[in-house]
Amino acid sequence: MRSGKSKAGLIGLGTVGKSVVKLWPRADGIILKRIVDKDKKKNVSVRPDDILNDPEIDIVIELIGGLNDAYRYIKSAIEKGKNVVTANKALLALKGEELEKLALAKGVSLGYEASVCAGIPIIRGIREGLAANRIRSIYGIINGTANFILSAMEEEGIGFARALSQAQEQGFAEHNPTLDIDGFDSQHKLAILARLSFKTPVKLSDIYVEGIRRITRRDIIYARELGYSIKLLAIAKAEGKRLDARVHPTLISKDNLLSSVHGIYNACFVEGDACGKMVFYGQGAGGLPTASAILSDVKAIASKKMGTVPDFFVIKPIDELFTRYYVRFSAIDKPGVLARICDILGKHSISIVSVIQKERSGTRGVPIVMMTHKARESSMRKAISSIDRLNVVKEKSLFIRVEEVED
């Protein structure tokens, strides 16, 4: 760290960048020396290299998003001995381990509190507040867009398409919402949380991901009748020396706190071996909440309060998951159909807890909803594949994992 007051340079003046500038008077005397943005109308006199090559600037804040340019700026800043603060979750999920090792070698800090859950201090909470713990598990609702859609479907009784449209109309979903509704945004964030919590290099390809596109209003209703809510959950659990890491729609008991997380709010359950279970809850998106996290990193770096410790786990394949399942079939209403489905499930060692058979809905078949006992994921996939090949099954079957999250 250079002598005197720290000086910062900001690359990116979008929604979050403007909010950072707005909050900067709370930076405890740290000087924001230079600002640059891709839009030349906002700033024509400063280029990223002017920040990267300024010897007085010891903290570079990257808020342009994307991969290539952001990676180049962050890597260059670290190589020049500058600390970096970023909210770039996609880049960190792909290059975080490399950049942290480079920062460690150069004796500088890489701050990324804003990359997960915006204003919720989950990163610092795990890295500093839970430093004496071995993290056992993380259960998180960490994408506000997906949670808004599922909440609207449950509370207003509307379908997925209408709920997505509402999210877009209110500015909670992008015009192209793929990253959010297909689970990739949550996958990026879980990669960061898992790497930090379990001190383990986690590739995106290691994390099973499944989005919410196929969740229908019927599934919301059936889950509620069974005493559950459906949430897009990010899960990381240590099992011996293996790590279970996945993102997918999940049935959560109505009695669990996570089921009451609505709208764009995020929540994370973190369990440590010493502290037990903790909940981090708050706004997971927005300019000011994200800027709050950015500024907290800037101030922490200026106070020399960051660091990491290496350790390793082996990632557990999704096929080895052993859990209960909610399953929805759509089949022709005639004798023997249910028996054929049950026979296939039985051949794959999947036993049934309960069955709900609904009245016929149009010509697409009768919905059959089942709850199973615990079964192997690989067995469930094989069973569903066989069932879907039956000529009496009218549409692709849906199964949702049940997670028994303790409060």
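For segment 335-358, give me the residue count where each residue is of a type outside the set (Lys, Arg), more than 35 Å from the chain's Cα centre (by Cα) and under 17 Å from Glu395 (Cβ atoms).
Result for segment 335-358: 2.
Yes/no matrix, rows are residues, columns are (1) closer than 14 Å to Ala152 by Cβ; (2) free of Cβ contacts under 8 Å to residues at least 24 places away in the same chain:
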residue: Ser165; (1), (2): yes, yes
residue: Gln168; (1), (2): yes, yes
residue: Thr200; (1), (2): no, no
residue: Arg217; (1), (2): yes, no
residue: Arg242; (1), (2): no, no
residue: Val247; (1), (2): no, no
residue: Val261; (1), (2): yes, no
residue: Phe269; (1), (2): no, no
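Picking from Leu196, Leu243, which residue would you name as being modelled with pLDDT of 95 or more, out of contact with any Cys (no Cβ under 8 Å at 6 or more places or on another chain) and buried (at least 19 other Cβ atoms within 10 Å of the Cβ)?
Leu243
Pick from Leu150, Leu104: which is aliphatic (A, V, I, L, M) and surrounded by fewer than 16 Cβ atoms within 10 Å (Cβ to Cβ)?
Working: Leu150 fails: surrounded by fewer than 16 Cβ atoms within 10 Å (Cβ to Cβ).
Checking each option against the conditions leaves just Leu104.
Please count how many residues of segment 67-83 are touching a residue at least 24 places away in the same chain (Cβ under 8 Å) and surrounded by fewer than 18 Cβ atoms within 10 Å (Cβ to Cβ).
So the count comes out to 7.
Mind checking which pairs have a first residue in segment 385-398 that is more than 19 Å from Ile215 (Cα to Cα) and a second that is at pLDDT 95 or above and hydroxyl-bearing (Ser, Thr, Tyr), Cβ under 8 Å, 6 or more apart or different chains?
Listed pairs, sorted by first residue: Ile387/Ser397.
Before we move on, is Arg214 of a type outside the set (Ser, Thr, Tyr), outside any helix (DSSP H, G or I) and surrounded by fewer than 24 Cβ atoms within 10 Å (Cβ to Cβ)?
Yes: the conditions hold for Arg214.
Considering each of Ile158, Ile122, Ile126, Ile138 in turn, give the residue that is buried (at least 24 other Cβ atoms within 10 Å of the Cβ), over 17 Å from Thr290 (Cβ atoms) and touching a residue at least 24 places away in the same chain (Cβ under 8 Å).
Ile138
Contact list please: Cβ distance under 6 Å, first residue in segment 275-301 and on the phi > 0 side of the Ramachandran plot, second residue of a type in the set (Gly, Ala, Ser), pairs at least six apart or on different chains.
Correct list of pairs: Gly282/Gly119.
Looking at segment 19-31, can you tell me whether even one residue there is without any contact (Cβ under 8 Å) to a residue 60 or more places away in the chain, of a type in the set (A, V, I, L, M, F, W, C) and crowded, with 23+ Cβ neighbours inside 10 Å? Don't jump to the end; show me each part of the working.
From segment 19-31, those without any contact (Cβ under 8 Å) to a residue 60 or more places away in the chain are 21, 25, 29, 31; that's our starting set.
Filter again for of a type in the set (A, V, I, L, M, F, W, C), leaving 21, 31.
If we keep only those that are crowded, with 23+ Cβ neighbours inside 10 Å too, we end up with none.
No; the residues of segment 19-31 include none that is without any contact (Cβ under 8 Å) to a residue 60 or more places away in the chain, of a type in the set (A, V, I, L, M, F, W, C) and crowded, with 23+ Cβ neighbours inside 10 Å.
The values are calculated or read from the model by the stated rules, or taken from the named source; none is laboratory data. Since the model is a prediction, treat every value here as computed from it, not as a measurement. Positions of Cβ are backbone-derived with ideal geometry, glycine not excepted, and every protein chain shown enters the neighbour counts.
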